[in-house]
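The values are calculated or read from the model by the stated rules, or taken from the named source; none is laboratory data. The structure displayed is predicted, hence computed values, not measured ones. Counting neighbours? That spans all protein chains shown, and the Cβs are built from the backbone with ideal geometry, glycine included.
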Amino acid sequence: MNNDQNKKIVLFIATLGAFVVPFMMSSVNVALPSISKELSMSTVALSWISLSYSLATAIFVFPFGRLADILGRKKLLLWGMIGLSISSALCGLTFNSAMLIIARVLQGISGATVSVTVVSILTSVYPPGERGKVLGLNVAMTYAGLSTGPFLGGLLTEYLGWRSIFIITVVLLIIVVVLLLNLKQEWAEATDESFDYKGAAIYGIALFGIVCGFSLIRSLSGIILMVIGFIALIVFYNFETKVEHPIMDMNLLKENRILTFSSLAALINYSATSALSYLLSLYLQYIKVLDPTQAGLILMAQPVVMALFSPVAGRISDRIEPQKVASIGMAITAAGLAFFIFLSQGTSVIYIVAGLLTLGFGFALFSSPNTNAVMSSVEKRYYGVASGILGAARTVGQTFSLGITSLIMALYMGNESINASNQTAFIGAVKVTFSILTVLCIAGIFASVARGKINRSGQDL
């Protein structure tokens with residue numbers, strides 16, 4: 001097999017792997033009202049179906065990035081895909097809310113492997129001049145999953161029930177597993193180094209405490225968890241500066257401005273945008289009284305635009321400074337979020353679609369150039385770590401976005417399900433949440449600009 005054929009096979013596996021997880025996530029968002037009805041879940045409990053997955057992914061994505069460099073990226077991706085298959089089957093077989101949330105945690109742990117291996121494998125195989133193109137294609141497949149998820153998820157939920165979403169996911173995952181088993185090549189540049197188990201544990205405690213504490217901030221237990229989380233974060237920083245082979249090389253962040261600010265920009269961007277499909281799915285089905293299929297069709301608008309323009313943005317970032325492209329994308333994303341500050345019971349579907357199209361275009365311009373900047377800013381031996389940092393920024397951002405949403409929902413609605421008597425409170429919570437997310441995204445523009453310019457060898461200019 002020649003080098004070009006090998007690169008195409010790797011690209012196919014990576015893009016198919018990148019498709020499956022977002023497909024599942026976006027499908028589940030559309031199915032939330034049906035899940036709530038069958039399992040009798042409150043608004044706060046319902047938010048944990050998404051939050052538990054994101055939190056588990058966020059905790060494990062960083063350590064797994066380091067583990068991928070040591071054990072091998074293909075091997076870790078294979079284990080993750082097998083774990084995803086098993087946990088997805090458990091989701092489809094669940095009979096109560098607690099079991100579903102536990103299965104979602106297992107999905108999140110397995111899904112973390114996809115976040116850290118797919119991008120680093122592509123970066124290992126493709127040289128800098130071709131990297132933006134393939135990363136853009138990879139992002140496009142991610143958004144293809146996000147775009148088909150709402151529609152197919154709506155159809156499956158309406159005609160076969162929400163459990164069928166997880167069954168379809170298992171079938172797709174098995175295909176990826178078979179392909180990986182037949183791929184002989186491996187990528188591991190740090191096989192002679194040890195894994196920092198203590199650092200990984202401290203990091204997990206810190207993130208769990210901060211995120212869970214934030215979602216429970218109204219109670220004393222929430223405040224205690226946040227304090228524990230921040231103390232653990234300080235301990236983690238000090239610990240990692242003294243370990244011979246840390247899961248996070250602090251010098252890498254200190255010395256690499258592009259990596260630091262690109263990751264911060266990604267964190268802010270995902271914090272500002274990730275709750276969108278969750279909120280709009282509830283809004284469209286409870287307030288606009290649309291069925292899951294109709295809601296899914298509307299929600300497709302954003303990821304379809306992402307899928308169309310991400311490869312273009314990736315190619316542009318091979319020729320034009322990624323800082324400029326990504327910063328413009330962040331600004332357009334903020335404008336798209338601002339649309340939803342003015343939602344009401346009478347808001348037209350056309351208005352909602354216009355906001356989603358704006359958001360999709362902005363996110364496409366931001367995502368692949370930002371990823372290109374991160375992966376081009378480090379040496380080959382740090383690809384797994386850089387991918388882990390970027391994956392952590394994404395998943396922590398997703399978790400905080402859902403955490404903010406859960407907090408606002410709890411403040412406005414308490415622990416009740418959405419019904420006719422509290423729809424006004426629900427809309428108020430949605431408007432406040434989007435106001436906060438818009439301001440957050442505006443702040444992200446400055447982080448994107450602050451990264452500075454890069455050259456093709458990844459050094460600051």
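Quick one: which helices (runs of 4 or more DSSP H) lie wholly within region 126-216 and hold at least 3 residues that are over 23 Å from LEU16 (Cβ atoms), among the hydrophobic types (A, V, I, L, M, F, W, C) and touching a Phe, Trp or Tyr at 6+ places or on another chain (Cβ under 7 Å)? So that I can check it myself, show each step before the final result.
Details: elements: 128-159, 163-181, 197-215.
Once the helices (runs of 4 or more DSSP H) in region 126-216 are filtered for at least 3 residues that are over 23 Å from LEU16 (Cβ atoms), among the hydrophobic types (A, V, I, L, M, F, W, C) and touching a Phe, Trp or Tyr at 6+ places or on another chain (Cβ under 7 Å), what remains is 197-215.
Just to confirm my filter: which helices (runs of 4 or more DSSP H) fall fully inside region 245-304 and include at least 2 residues that are without any contact (Cβ under 8 Å) to a residue 60 or more places away in the chain?
Details: elements: 250-255, 257-273, 276-282, 292-299.
The qualifying helices (runs of 4 or more DSSP H) are 250-255.
Quick check on region 73-86. Is at least one of its residues in a helix (DSSP H, G or I), at pLDDT below 85, buried (at least 24 other Cβ atoms within 10 Å of the Cβ) and not charged (D, E, K, R)?
no
Here are the criteria: (1) within 27 Å of SER34 (Cα to Cα); (2) buried (at least 20 other Cβ atoms within 10 Å of the Cβ); (3) in contact with a helix residue (DSSP H, G or I) (Cβ under 6 Å, 6 or more places away or on another chain); (4) modelled with pLDDT of 90 or more. Tell me which single one CYS441 does not satisfy.
CYS441 satisfies every listed condition except (1).
If you go through region 421-438 one residue at a time, do you hit one that is modelled with pLDDT under 85, part of a helix (DSSP H, G or I) and not small (Gly, Ala, Ser)?
Here is the first cut: in region 421-438, the ones modelled with pLDDT under 85 are 421-423.
After this cut, where a residue has to be part of a helix (DSSP H, G or I) as well, the list is 421-423.
Checking which are not small (Gly, Ala, Ser) leaves us with 422-423.
Among the residues of region 421-438, at least one is modelled with pLDDT under 85, part of a helix (DSSP H, G or I) and not small (Gly, Ala, Ser), which makes the answer yes.
Report, by residue number, each residue of region 370-388 that is in a helix (DSSP H, G or I) and at pLDDT below 80.
Of region 370-388, the ones in a helix (DSSP H, G or I) are 370-375, 380-388.
Scanning region 370-388 gives ASN372, MET375, LYS380, ARG381, TYR382, TYR383, GLY384, VAL385, ALA386, SER387, GLY388.
Of SER367, SER327, SER317, SER310, which residue is surrounded by 18 or more Cβ atoms within 10 Å (Cβ to Cβ), farther than 19 Å from SER147 by Cα, out of contact with any strand residue (DSSP E or B) (no Cβ under 9 Å at 6 or more places or on another chain) and modelled with pLDDT under 85?
Working: SER367 fails: farther than 19 Å from SER147 by Cα; SER327 fails: modelled with pLDDT under 85; SER310 fails: farther than 19 Å from SER147 by Cα.
Just a single option satisfies the conditions, and that option is SER317.
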